[in-house]
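This report concerns only the one structure given below.
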Amino acid sequence: MSLPPAAKIAFGGDYNPEQWPPAVWAQDYQLFEAARIDTVTLGVFDWALIQPAEDVYDFALLDQIVQRATDEGRSICLATATGAHPAWLARAYPDVTRTDFEGRKHRYGQRHNACPSSPAFRRLSRELARRIAERYAANPAVIAWHIGNEYGGACYCELCAAGFRDWLRKQYTSLEALNAAWYTTFWSHTFAEWDEIEPPSALTEHWRGPDHTAFQGITLDYLRFMSDAMLTNFLDEKAAIRESSPEVPVTTNFMGMYRQIDYHRWAPHLDFVSWDNYPPDDTSQPRMAFTHDLMRGLKDGQPFWLMEQTPSCTACRDINPLKRPGVMRLWSWQSVAHGADSVLFFQLRASRGACEKYHGAVIGHAGRADTRVFREVAELGAELDRLGGATLGARTAARVAMLFDWDSWWALEISDGPSRLVRYQQVVLAYYTALWQAGVDVDVVPVTADLSRYDVVLAPALHMIKGDLPQRLEGVAARGGSVVTTFLSGRVDENDNAFLADVPGPLGPLMGVRVDEWDAREPQFVNPVWLSAGTGHQIEVESRLLFELVIPQGAEVVGSYQADFYAGTPAVTRNRFGSGHGWYVAAGLDQQGVSWVLRQVLAAHDIDLRYPDVPDLETTLRVAPDGTRLLFLLNHRDQPVEVAAIAPGTDLLSGTRIQRGQQITLAPRGVIILHLNADP
C-alpha cells in the first residue's frame, strides 16, 4: 500500500472547523474554492470533543465536519484525534502523564505529555482510533488516515523503566550479553538483576543535560527504546484502523531531521511518509532539500506528502520571520521537485486563541481573500490545477547516495570527546550542500540500503558501523565506484564500544589509512589545508574543530595540513580499492574544501553538474512512471537569473517551448518545470 490515489498534487492542509460556528464554515469553503484547496486534514486534536468522558463518545460535531467536507467535494485526511489527550484521562489515570528527564512527574497540560508505556493511554487511544475508523471507513472522501501528531519527546517514569527492561531482555536475552554490550566493568556498573537497571536520566547516569552520560551504551539503548515505544503507540492505532479500513493508507507526520525518533525504524510501518517542513530560518534551502530527500529515502524513493508548512510565518520560535513574496510558492515547488505528491499547510484558518493564534494561516482572523498570503496560495492552487498529475509518482534517478544514520547521530553527540562542537547534522549538511550547489541529484538512504545502483556513496561522520556495511561499501569501490567518509567515522560498533583496531576500524582497508591521534580545537582555530589533484587543480582552504592525524596505509595524499606540529601530514586521502576508490577526509574542511573534494569525486564518474557556478539555482531531475523526464529549476535569489537551457523541452507552468542552448530567464524566486524532449 502506498500513497492515496490522486489525479493531481493534493493541495490544502490542517482544518479545524470545530473552533468556529457553522456560519464560518460556509465562508471558509467559499475561500477554499477560490484557492483551489481540495484536501483537508481533519480532527487532529479532537479527542476531548469526541470523548468528553471515559464511557461517553459524541461524534455529532465530527459527523457534521466530515459530512460538510464530503459534500463540498474535498478529499479528507482523517486523524485519529490522539495528538493530545484530554484532561479527564490524566485525572482518571495519573500514569498517563510523563516523567521528564529531571525526574519531575508532569500534571495535565501541553501536547506531548502522554507516557507511551501507559496501559490506559494505549488502551483508550486504540479504542478511539477503532471507533473513528469504524464510523468513517465507508466514506469515499476519506483517502488517508492520520495517526497521532508529530510523535516526540521522552518519558522516564516507572512504567517506562519496566518497559525498558522488557525491551532489553528481548534485545540481549541475558544479563551477561547486556553487561558486555554496555561495558559495565567500568565504574563498577555490572548488573546482577534486570530490576537494577534504571533509565538514564539526570537522576542516574547524566549530568549537564541529555548529551552528557557516563554510559553511552545505556543512553543509546534508551533512545532506541523510546523510539520503539512510541512506534508501538502508532501500531496500536494502525491495527485498530485496519479492523474496518484495510485498504485506506495510514501515515503520521514526521518532523524531518528530528533527533529523538529513528524514522528508519518507523518507515516500514507507514503506508506512505508525510512530514512537516518548518525550517529554522529563511535561508535554509539546502537543508530543506536534504530533508525532503531524507523523507523520500525512508521508503526507497517513494514520493511523500508534505503534510504541513506555514503559508507565511511560524509562531513557536523567539523570532518568526515572514516568508517574503514568492517564497511560499518557491518552497512548495521545492518539495515537489524532491518528491512531494502533496502541498499542505498548517493552518487553513488561523486559530483565535492559545499558542498558535499568530501562526501563519491561509485565511486570517478577518477571513479576507484580498491578503497577499491568500492571493499567493490561490495562485499556487491554480498552478497545481494546470499541472495536473504530471509529477505524481515521479522518482529521482540519482547516481549518488548519502548515508544518514540515527544511531551514528546519537552515538557521536553523546560521546565524551573528542569535541562536543562537532555536530552530526552540520557535517552531513556540508557534504549535501556541496552536491546541492553542483546540481547533483542525491538519494539520502539508511545504512541498510541497497547500494548497488550508486556510483558514489557519501558517508560523512559514519561514527557507528553495523552489520555488513563495510563489505557493502567495499563492494561499491570494488566495482568502480567511490566511497567518501570523514573524520569520526568507523569509531564504534552497534553498542558504542570502540573497535579493537586502528581508526577508522572496519573502514580501514577501504580507506587505506590509519589514524593514531586526533586534535580538537576551539572554533576560532584554523589549520589551512592544501588540496591538490595533481592536474593543476589546487586550492588552500580552512579546516576547523577536528583534525585527525593520518598515516597512509597505501592511500595517496590529496590534501595536507599547513600548520601546527602535524603540518605536511595528510588531511585528505584517496585509496585505490578494486576498480574504484575510498576517499578519507580527516579534517573539518570549510564548505569550499568539501565542495572541492566532492567535485573531484564526481568528475571521476562523469556525473554531470547542472549549473554548478550559478549560486542559489537549484535543480532536480525526476522521472514520471511513464518515463517522462522532468527538470526542475528553482531560483532562490530575489534577483532574476539567466542561464542556457541544457536540453529542449516545454515549461509545464507557462507552456513555453525551449530549445537546447536557449537563454532562459528565471524571475526572482522563479520556478520552471521542463518536460524534457531529450536527456539533459
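The values are calculated or read from the model by the stated rules, or taken from the named source; none is laboratory data. The model shown is predicted, which means the values in this text are computed figures rather than measured ones. No Cβ is skipped: glycine too gets one built from the backbone with ideal geometry, and neighbour counts run over all protein chains shown.
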(message) Among the residues in the range 57-69, are any of a type in the set (Phe, Trp, Tyr) and in a helix (DSSP H, G or I)?
(response) no
(message) Quick check on THR291: is it within 13 Å of the chain's Cα centre (by Cα) and of a type in the set (Val, Ile, Thr)?
(response) yes
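For (1) touching a residue at least 60 places away in the same chain (Cβ under 8 Å); (2) farther than 20 Å from GLY439 by Cβ; (3) among the β-branched types (Val, Ile, Thr), each residue gets a yes or a no:
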{"site": "VAL614", "(1), (2), (3)": "no, no, yes"}
{"site": "ILE646", "(1), (2), (3)": "no, no, yes"}
{"site": "LEU652", "(1), (2), (3)": "yes, no, no"}
{"site": "GLY661", "(1), (2), (3)": "no, no, no"}
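Does PHE121 count as assigned by TED's automatic domain parsing to the domain that holds GLU237, aromatic (Phe, Trp, Tyr), on the phi < 0 side of the Ramachandran plot and surrounded by fewer than 21 Cβ atoms within 10 Å (Cβ to Cβ)?
Values: assigned by TED's automatic domain parsing to the domain that holds GLU237: yes; aromatic (Phe, Trp, Tyr): yes; on the phi < 0 side of the Ramachandran plot: yes; surrounded by fewer than 21 Cβ atoms within 10 Å (Cβ to Cβ): no.
It is false that PHE121 is assigned by TED's automatic domain parsing to the domain that holds GLU237, aromatic (Phe, Trp, Tyr), on the phi < 0 side of the Ramachandran plot and surrounded by fewer than 21 Cβ atoms within 10 Å (Cβ to Cβ).
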(request) Give the residue that is modelled with the highest pLDDT, with candidates limited to residues of the range 267-291 that are in a loop (DSSP other than H, G, I, E, B) and among the β-branched types (Val, Ile, Thr). (result) VAL273
(request) Go through (1) at positive phi; (2) surrounded by fewer than 24 Cβ atoms within 10 Å (Cβ to Cβ) one by one and return the number of the condition TRP406 breaks. (result) (1)
(request) Pull up the range 182-223, narrow it to residues that are crowded, with 17+ Cβ neighbours inside 10 Å and charged (D, E, K, R), then point me to the one that is farthest from ALA84 (Cα to Cα). (result) GLU205
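Please go through the range 237-266 and give me each residue that is assigned to a helix (DSSP H, G or I) and crowded, with 21+ Cβ neighbours inside 10 Å, ordered by number.
Step one: list which residues in the range 237-266 are assigned to a helix (DSSP H, G or I), which gives 237-242, 263-266.
Correct list: GLU237, LYS238, ALA240, ILE241, TYR263.
Here is a yes/no grid of residues against (1) surrounded by fewer than 21 Cβ atoms within 10 Å (Cβ to Cβ); (2) within 23 Å of ALA34 (Cα to Cα); (3) in the same structural domain as ARG259 (by TED's automatic domain parsing):
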{"residue": "ARG349", "(1), (2), (3)": "no, yes, yes"}
{"residue": "GLU356", "(1), (2), (3)": "yes, no, yes"}
{"residue": "GLY367", "(1), (2), (3)": "yes, yes, yes"}
{"residue": "GLU413", "(1), (2), (3)": "yes, no, no"}
{"residue": "PRO418", "(1), (2), (3)": "yes, no, no"}
{"residue": "ARG423", "(1), (2), (3)": "yes, no, no"}
{"residue": "TYR432", "(1), (2), (3)": "no, no, no"}
{"residue": "VAL442", "(1), (2), (3)": "no, no, no"}
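Filter the range 449-484 down to the residues that are hydroxyl-bearing (Ser, Thr, Tyr) and out of contact with any helix residue (DSSP H, G or I) (no Cβ under 6 Å at 6 or more places or on another chain) and list them by number. Steps first, answer last, please.
Filtering the range 449-484 for residues hydroxyl-bearing (Ser, Thr, Tyr) gives 452, 454, 482.
Selection gives SER452, TYR454.
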(request) Evaluate the range 294-315: report whether one residue or more is touching a Ser or Thr at 6+ places or on another chain (Cβ under 7 Å), in a loop (DSSP other than H, G, I, E, B) and of a type in the set (A, V, I, L, M). (result) no
(message) I want to confirm something. Restricting to the range 82-109 and keeping residues that are in contact (Cβ under 8 Å) with a residue 24 or more places away in the chain, assigned to a loop (DSSP other than H, G, I, E, B) and not charged (D, E, K, R), which single residue is surrounded by the most Cβ atoms within 10 Å (Cβ to Cβ)?
(response) THR82
(request) Read through the list (1) within 26 Å of the chain's Cα centre (by Cα); (2) among the small types (Gly, Ala, Ser); (3) in a loop (DSSP other than H, G, I, E, B), then give the number of the only condition that ALA7 fails. (result) (1)
(message) Every residue in the range 300-347 that is surrounded by fewer than 17 Cβ atoms within 10 Å (Cβ to Cβ), under 29 Å from TRP25 (Cβ atoms) and of a type in the set (A, V, I, L, M), please.
(response) ALA315, LEU322
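Return yes or no: is VAL24 of a type in the set (A, V, I, L, M, F, W, C), at negative phi and loosely packed, with under 15 Cβ neighbours inside 10 Å?
Values: of a type in the set (A, V, I, L, M, F, W, C): yes; at negative phi: yes; loosely packed, with under 15 Cβ neighbours inside 10 Å: yes.
Yes, satisfied.
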(request) Report yes if some residue within the range 602-611 is surrounded by 19 or more Cβ atoms within 10 Å (Cβ to Cβ) and under 16 Å from PRO286 (Cα atoms); otherwise report no. (result) yes
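Being surrounded by 18 or more Cβ atoms within 10 Å (Cβ to Cβ), free of Cβ contacts under 8 Å to residues at least 24 places away in the same chain and in the same structural domain as GLU134 (by TED's automatic domain parsing) is the requirement here; does ALA69 meet it?
Numbers: surrounded by 18 or more Cβ atoms within 10 Å (Cβ to Cβ): yes; free of Cβ contacts under 8 Å to residues at least 24 places away in the same chain: no; in the same structural domain as GLU134 (by TED's automatic domain parsing): yes.
Answer is no for this residue.
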(message) I'd like to check something: does the range 19-37 contain any residue that is assigned by TED's automatic domain parsing to the domain that holds ASN139, in a strand (DSSP E or B) and touching a helix residue (DSSP H, G or I) at 6+ places or on another chain (Cβ under 9 Å)?
(response) no
(request) Could you check the range 459-574 for strands (runs of 3 or more DSSP E) lying wholly inside it with 2 or more residues that are buried (at least 17 other Cβ atoms within 10 Å of the Cβ), touching a residue at least 40 places away in the same chain (Cβ under 8 Å) and on the phi < 0 side of the Ramachandran plot? (result) 482-486, 513-520, 527-532, 538-552
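Are any of the residues in the range 214-228 part of a helix (DSSP H, G or I) and in contact with a strand residue (DSSP E or B) (Cβ under 7 Å, 6 or more places away or on another chain)? Full working, then the answer.
Filtering the range 214-228 down to residues part of a helix (DSSP H, G or I) leaves 216-228.
Adding the requirement that they be in contact with a strand residue (DSSP E or B) (Cβ under 7 Å, 6 or more places away or on another chain) leaves 219.
So far as the range 214-228 goes, yes, one or more of its residues are part of a helix (DSSP H, G or I) and in contact with a strand residue (DSSP E or B) (Cβ under 7 Å, 6 or more places away or on another chain).
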(message) Could you check the range 268-308 and list, in sequence order, the residues that are closer than 16 Å to LEU634 by Cβ, of a type in the set (S, T, N, Q) and touching a residue at least 12 places away in the same chain (Cβ under 8 Å)?
(response) ASN277, GLN285, THR291
